[in-house]
Amino acid sequence: MNKTKQAIKINIEKLLGLIATYNKEADLELVKRTFEFAKKSHEGQKRLNGDDYIIHPLNVALILAEMKMDEKTIVAALLHDLIEKCNVTERDIEQKFSSEIAKLVSGVTKLGEMDFDKASFGKEFADDPKRIKNIESLRKLFLAMAEDIRVVLIKLADRYHNLKTLHALSEKDQKRIAEETLDIFAPLADRLGMGRFKADLEDLAFQFSNPSEFKNILKLTKGEFLEKEKYLKDFKKYLEEILKKEGIEAEIEGRAKHLYSVYKKLKKEGDISKIYDLMAIRIIVPTKSDCYKTMGIVHSRFKPLIYRIKDYIAVPKPNGYQSLHTTVFGLDGKITEIQIRTAEMHEEAEKGVAAHWHYNEMKQTSDYSKRKSSFAPKDKIQWIKELLDWQEKTESTKEFFEGLKIDVFKDRIFVFSPKGDVFDLPEGSTPVDFAYAVHGWIGDHLVGAKVNGKMISIDEPLENRDIVEIITKKNSPGPKRDWLKFAVTSKAKQRIRAYLNKESK
Ligand code: MN
């Protein structure tokens, strides 16, 4: 047996073994059969790096099995390039497998046809028909996503493996694919709460999007990491001992900030010594109340930096992230960030929506026919539904696209109402955006805004974690045309325009 054949054999066995560990009732025969069918269909095709083509879908399936996805997703992953690369149609797949699997595969294929090139993400919008067609398909993608988020998970896994083999491509293609990953796929993974995956995608892409900066950051962090490694080890040991004494069963690990996020933070802070969470300690404990107990134990021994205590358990981030964060003067007074969470919160933080298939399958009835595998938690995909909702009301493709750039792919901040409700907004949002996010009526009747208790101008950008209070008046003059100049979100802009239109009539 040659080397490639052996690699394929090892991988398919690994795949089957992996699925069996988390899904006892999985139809492994189906997975095997699907693999054979995909292998035969890709027969003779090669990847640019010289691999037999089947290695690629097999790896994509493996990535999804590592996320503990259901077997239909795995099967669709094995088939995901068939429509594009082989003489196989959606109908063929429907007949051979099922309409559900055919839909997944065709969804992934449609996504592959899109051309999100850098030019279309720049400031200028080109009104060329091809681009508009692509944007229309992007609209369809979000529709498909709202229906079945698994399409995007397969696409993300596909992208991940493509990045791993990106060396084989020309420099120009490397850069294009890397930038597209940073602009679209990583933010998408983030909005789906898939922290681990987002970080991996970013670091894989970063080395191709900006090779010199990548090397630079690698060198810079290497020294810091080495220096801190021993310190973290000692600190970890110390924490293990004190928590044990208090009867808390904790698993403690060190975690290093991923390179791309160091790079982004460095651009803001300017100096690596100001990045306190370059390396952090993560404590995993059994229950939510253990989290708070642990934080208490830590604080009773190490003074915290008051302004860096964050309770994302009581107030989760909008993408579902839960954890306690604190930064303390640790051993020898060294400033150290500590994150405390339960195992379930940890899985959620790493895997986001993908974590839910697993839980869902576990919690559901043993009657397999009653399981619904296309399940995705409603609150996790609410933003997609909202997005579609305003898109339906948007007539111009250009406006839709501009909105998408801001609403989906821009970095997010989150801010609070005075009652502590959390709102998730794109960076640069103003009190006007906040007001419309809360309620249309509040936006229409806004007369002023307080941030953290102080009056501010309504065009001033909000900061992460601001507490925003909107002052309204029943007989306010209503939104002004001016507001359109600084409102950022599509929701706000659309409401303001609708109001002005109504008024002018
Ligand atoms: Mn592919």
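Shown for the stretch 1-115: the carbon plus sulfur share of the solvent-accessible area, taken with all protein chains present and a 1.4 angstrom probe, equals 49%. Counted residue by residue at 0.36 nm each, then reduced by the alpha carbon distance between them, the extension gain from E29 to E171 reaches 47.0 nm. Classify the stretch 48-114: rounded, prolate or oblate, from the alpha-carbon gyration tensor (a ≥ b ≥ c, eigenvalue square roots; a/c under 1.5 rounded; otherwise prolate if a/b is larger than b/c)? Here the stretch 48-114 falls in the oblate category.
Stretching the chain fully between I442 and E94 yields a gain of 120.4 nm (0.36 nm per residue, less the alpha carbon separation). For the pair S504 and L143 in one chain, pulling the backbone fully straight at 0.36 nm per residue adds 126.6 nm over the alpha carbon distance.
Sorting S504, S209 by solvent-accessible area of protein heavy atoms yields S504, S209, largest first, with a 1.4 Å probe.
Bridgeable aspartates and glutamates around K454 (alpha carbons under 20 Å apart, same-chain partners fewer than 8 residues away excluded): D421, D433, E463, D466, E469. Using r as the Cβ-Cβ distance of K244 and L484, and R0 as 35 Å, what FRET efficiency do you calculate, to the nearest 0.05? The formula returns an efficiency of 0.05 here. Here the label points at I10 and S273, each 7 Å from Cα along the C-beta direction, are separated by 4.6 nm in the simple model.
Restricting to lysines 8 or more places apart or on different chains, can you count the pairs in the stretch 9-98 with Cα atoms under 18 Å from each other? So the count works out to 24.
Which stretch or stretches of the stretch 258-286 have amide N atoms under 13 Å from the point lying 7 Å from I335's Cα along the Cα→Cβ direction? It comes to 269-279, nothing else.
The values are calculated or read from the model by the stated rules, or taken from the named source; none is laboratory data. Remember, predicted model here, so these are calculated numbers, not experimental data. FYI the Cβ positions are ideal-geometry reconstructions off the backbone, even for glycines, and counts take in every protein chain you see. Areas reflect the complete protein model, heavy atoms only, side chains present, ligands, DNA and RNA absent. Shrake-Rupley method; radii C 1.70, N 1.55, O 1.52, S 1.80 Å.
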